[in-house]
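Since the structure comes first, as structure tokens, the remarks are kept for the end.
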Amino acid sequence: MPVFANALAQLKQAVDHSHLHPEVAARLKAPERILQFSFPVTMDDGTVRLFDGYRVQYSSARGPYKGGIRFHPKTNLDEVKSLAFWMAIKCAVVGIPLGGGKGGVTVDPKKLSKGELERLTRAFARRLAPFIGPEQDVPAPDVNTTPEIMAWLADEYARIVGKQVPGVVTGKPLSAGGSQGRVPATAQGGMYVLHELLAKLKLKPQALTVAVQGMGNVGGIFAQLAHQAGMKVVAMSDSASAIYNPKGFDVTAVEHYKKEFGNLKGFPSARSINNAQLLELPVTVLVPAALENQITGTNAGRIKAKIVFEMANGPTTPEADAKLAKRGITVVPDVLANAGGVTVSYFEIVQNLSQYYWDEGEVMEKLKLIMVTAFKHTWQRAEQLKIPLRTAAYVVALERIGQAIEVKGKY
Ligand code: NAD
């Protein structure tokens, strides 16, 4: 299912509710630059394989391009373009001085040895090098890319330019210039937003049941934090398996089981379900935290959650959005819910450039302020214009991007 068409449909809805100049709106319908690479990597057996890689630099209106790099067998240009667009909106929603970009390589990293993965990352870094930098474009982790992969990227870049430039990429390990709090930042940022929403809806965390799709960096940590906050996490999944227990899970035990057995099949006292069933469970909060296009026109009518909390990027199609809104289901959009990751990435760049590092308490305090403020602005705009939270978040973002474009002159 094409994703960029969904992104453009979301843009159009928000443009209809904003006072954006049509010429400025037109600028956001296409990326500023698309980079596409075909590059060779030597495999362990001596053969050479060609891989396709992409970097889309969508908007630099508010600052250097910013966004993750994804390694996935289904990654393609359409997907990367959409993710880059959402980054531009997201950075504007939380008001950090960055634009939007995204990258990806079409590869199944689970089928590569560690050496092959490192050579692929370094080869991709060599292609990206002329186009990235702290003042140009700053990659970060996304699906299947880790702090270690970010360290390889930064190291390859340093070799090319002949000096250390830690701010060229974020999400690095602490020992390679990373920021405290970057690993849990996306999930923690989401949790700050969820608590604000619960206060508005007069719901207590202890009264919630939660289903989380995906248990990687984002979903796994979000489930942990939800459990710690007293919510009942009743369903969890990865790409191969899903489990359900209406009484709730000890999330740490589920994580340990996944580490030991590779997936969730056979987890004690749980019903084995599939990812499609997980989405349709009778829970208070459904948290898609895996990939795009999970809630569509086909299954939106069967979603029973009261709140869809988008920790993944692009999990809900515009057709599904309309159906959920009609049924009174609150959707907290990706560009707000999962913006904690890029916010702490911004802190990481600031720390790298100033060579002064903050403790975790300071990072979290600053993150909370930004996330809570972004929620308040979005909520206010939704109430004022009587529009869903997604459109409201886009309206907030478009005003900021529009101002940045107009103040510089349009040409
Ligand atoms: P990850 O690679 O750490 O984890 C992805 C998880 O999703 C894994 O548990 C995998 O098994 C699962 N998964 C994959 N396909 C699935 C499927 N079809 N059904 C169910 N589960 C599936 O990736 P991540 O960093 O946790 O990213 C997850 C989502 O969050 C993506 O949409 C990403 O763009 C978004 N996101 C990530 C960050 C970040 O800081 N890492 C920030 C903002 C948004």
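The values are calculated or read from the model by the stated rules, or taken from the named source; none is laboratory data. None of these values were measured; they are calculated from a predicted model. All Cβ positions, even for glycine, are placed from backbone atoms using ideal geometry, and neighbour counts span all protein chains on display. For the accessible areas, the whole protein counts, side chains as well, though only heavy atoms, and no ligand, DNA or RNA atoms are used. Shrake-Rupley method; radii C 1.70, N 1.55, O 1.52, S 1.80 Å.
Conditions first: (1) open to solvent by 30 Å² or more (accessible area, probe 1.4 Å); (2) over 16 Å from the mean Cα position of the chain (by Cα). Ser237 passes all but one, so which condition is the exception?
(1)
Restricting to the range 174-191, name every residue that is outside any loop (DSSP other than H, G, I, E, B) and buried (at least 21 other Cβ atoms within 10 Å of the Cβ). Outline the logic, then answer.
Quick first cut of the range 174-191, residues outside any loop (DSSP other than H, G, I, E, B) only: 174-176, 182-191.
Hits for the range 174-191 are Arg182, Pro184, Ala185, Thr186, Ala187, Gln188, Gly189, Gly190, Met191.
Would you please list the contacts, defined by Cβ atoms under 6 Å and residues six or more apart or on different chains, that run from a residue in the range 277-302 that is within 19 Å of Asn338 (Cβ to Cβ) and free of Cβ contacts under 8 Å to residues at least 60 places away in the same chain to a residue that is more than 10 Å from the ligand (Cβ to nearest atom) and among the β-branched types (Val, Ile, Thr)?
Between residues of the range 277-302 that are within 19 Å of Asn338 (Cβ to Cβ) and free of Cβ contacts under 8 Å to residues at least 60 places away in the same chain and residues that are more than 10 Å from the ligand (Cβ to nearest atom) and among the β-branched types (Val, Ile, Thr), the close pairs are Ile295/Thr316.
Filter the range 1-39 down to the residues that are hydrophobic (A, V, I, L, M, F, W, C), open to solvent by less than 80 Å² (accessible area, probe 1.4 Å) and under 22 Å from Ala320 (Cα atoms) and list them by number.
Of everything in the range 1-39, those that are hydrophobic (A, V, I, L, M, F, W, C), open to solvent by less than 80 Å² (accessible area, probe 1.4 Å) and under 22 Å from Ala320 (Cα atoms) turn out to be Val3, Phe4, Ala5, Ala7, Leu8, Ala9, Leu11, Ala14, Val15.
Scan the range 124-147 and report the pairs whose first residue is free of Cβ contacts under 8 Å to residues at least 12 places away in the same chain and whose second residue is within 10 Å of the ligand (Cβ to nearest atom) and open to solvent by less than 60 Å² (accessible area, probe 1.4 Å), with Cβ atoms within less than 7 Å and a gap of 6+ or a chain change.
Pairs found: none.
For the range 64-77, what are the residues that are closer than 19 Å to Asn338 by Cβ and free of Cβ contacts under 8 Å to residues at least 60 places away in the same chain?
Thr75, the sole residue that qualifies.
If you check Gly177 against the conditions, is it within 24 Å of the chain's Cα centre (by Cα) and of a type in the set (Gly, Ala, Ser)?
Judged against the criteria, Gly177 is a match.
Any chance the range 373-382 includes a residue that's open to solvent by 30 Å² or more (accessible area, probe 1.4 Å), modelled with pLDDT of 95 or more, under 17 Å from Lys90 (Cβ atoms) and within 16 Å of the ligand (Cβ to nearest atom)?
For the range 373-382, residues open to solvent by 30 Å² or more (accessible area, probe 1.4 Å), modelled with pLDDT of 95 or more, under 17 Å from Lys90 (Cβ atoms) and within 16 Å of the ligand (Cβ to nearest atom): absent.
Tell me which residues, restricted to the range 38-59, are touching a residue at least 60 places away in the same chain (Cβ under 8 Å) and of a type in the set (Gly, Ala, Ser).
Answer for the range 38-59, where residues must be touching a residue at least 60 places away in the same chain (Cβ under 8 Å) and of a type in the set (Gly, Ala, Ser): Gly53, Ser59.
If you go through the range 159-166 one residue at a time, do you hit one that is in contact with a Phe, Trp or Tyr (Cβ under 8 Å, 6 or more places away or on another chain) and either closer than 26 Å to Tyr357 by Cβ or not in a helix (DSSP H, G or I) (or both)?
Checked the range 159-166: at least one residue is in contact with a Phe, Trp or Tyr (Cβ under 8 Å, 6 or more places away or on another chain) and either closer than 26 Å to Tyr357 by Cβ or not in a helix (DSSP H, G or I) (or both).
Taking only the range 127-173 into account, find how many residues are within 21 Å of the chain's Cα centre (by Cα), surrounded by fewer than 16 Cβ atoms within 10 Å (Cβ to Cβ) and either more than 16 Å from the ligand (Cβ to nearest atom) or of a type in the set (Lys, Arg) (or both).
1
Answer yes or no as to whether Leu153 is modelled with pLDDT of 95 or more, more than 17 Å from Gly101 (Cβ to Cβ) and not acidic (Asp, Glu).
Taking the combined requirement at face value, the residue does not satisfy it.
Which of the residues belonging to the range 219-247 are away from the ligand (no atom under 14 Å from the Cβ) and of a type in the set (A, V, I, L, M, F, W, C)?
Those that are away from the ligand (no atom under 14 Å from the Cβ) and of a type in the set (A, V, I, L, M, F, W, C): Ala226, Ala229, Met231, Val233, Val234.
How many residues, within the range 192-218, are more than 10 Å from the ligand (Cβ to nearest atom) and either open to solvent by 10 Å² or more (accessible area, probe 1.4 Å) or not in a helix (DSSP H, G or I) (or both)?
Applying the first criterion (more than 10 Å from the ligand (Cβ to nearest atom)) to the range 192-218 yields 192-211.
Narrowing further to those that are either open to solvent by 10 Å² or more (accessible area, probe 1.4 Å) or not in a helix (DSSP H, G or I) (or both): 192, 195-196, 199-211.
Result for the range 192-218: 16.
What strands (runs of 3 or more DSSP E) completely inside the range 45-123 contain at least 2 residues that are surrounded by fewer than 22 Cβ atoms within 10 Å (Cβ to Cβ)? Working first, answer last.
Numbers: elements: 48-59, 65-72, 100-106.
Once the strands (runs of 3 or more DSSP E) in the range 45-123 are filtered for at least 2 residues that are surrounded by fewer than 22 Cβ atoms within 10 Å (Cβ to Cβ), what remains is 48-59.
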